[in-house]
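We did not get these values from a lab; they are worked out from the coordinates using the rules stated. Note that the coordinates shown come from a computational prediction; the quantities given were computed from them, not determined experimentally. Please note: Cβ atoms are built from the backbone with ideal geometry, for glycine as well, and neighbour counts cover all protein chains shown.
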Amino acid sequence: MRGILISIEGPDGAGKSTQIALLKEYLEQKGYESVLTREPGGTKISEKIRNLILDRENMEMGREAEMMLYAAARAQLVHEVIKPALEMGKAVICDRYIDSSAVYQGIAREIGIETVYQINECAIQGIWPDLTIHLDLDAEEGIKRKKNQAELDRMELETMEFHKNVVQGYRTLAKRDPKRIKTIDATLSIEEIHDQIKEYLEKILQ
Ligand code: TYD
């Protein structure tokens, strides 16, 4: 069996975790051994970088350092988890991947998508997702959902304008690469979203 990489993307509060759990179950029914991971994080080193990035104490972090820390966390995850799992024919589900950097750092922080890709080229070692699910949700709704959960992290504390740029950024990116990135309305029911994800997945498994 050929390994596959599926990334789940979307603005904060889009409901990625719920869908990821359902997707993992589905892939296992299909006979895939699946690996679930998240960005930034997923390895001991990457989780340490995650804490550094999201810490509310680090408000002075510049956008370039932020971009490179996300890329460093990703590089370690690819090296330690994603690449070996794909080589073993597993299905890897990643909660955020390179598109998060393209949108948050490239578009919302205005570094530019091309610069983000240049920096990340080395981190991902040519490993692009076979399928990316983009859960689309307006910024106000996403942040409202987040506020009902835990204490907001450094990124979630950003302005509403920033979060709106993230939402728009994902829509722009999905239009640029419609073959790989599939957009689903995150206000649909959990079941409806899962069904759409299954449909897209079936197409790439053929
Ligand atoms: P995460 O904990 O997955 O947030 P959520 O639960 O909302 O999905 O991600 C942490 C934050 O980091 C989130 O606000 C998105 C941001 N982020 C970037 O800015 N660039 C990146 O490359 C990645 C992977 C995440």
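Residues that are acidic (Asp, Glu) and within 12 Å of the ligand (Cβ to nearest atom) were ranked within region 81-127; the one that is nearest to Gly13 (Cα to Cα) is Asp95. Here the helices (runs of 4 or more DSSP H) wholly within region 130-206 that include at least 3 residues being in contact with a Leu (Cβ under 7 Å, 6 or more places away or on another chain) are 190-205. Within region 1-34, track down each residue that is of a type outside the set (A, V, I, L, M, F, W, C) and near the ligand (Cβ under 10 Å from one of its atoms). Within region 1-34, Ser7, Glu9, Gly10, Pro11, Asp12, Gly13, Gly15, Lys16, Ser17 meet the criteria. Going by what's in this entry, would Thr159 be described as under 14 Å from Leu5 (Cβ atoms) and either within 14 Å of the ligand (Cβ to nearest atom) or of a type in the set (Lys, Arg) (or both)? So Thr159 fails the test.
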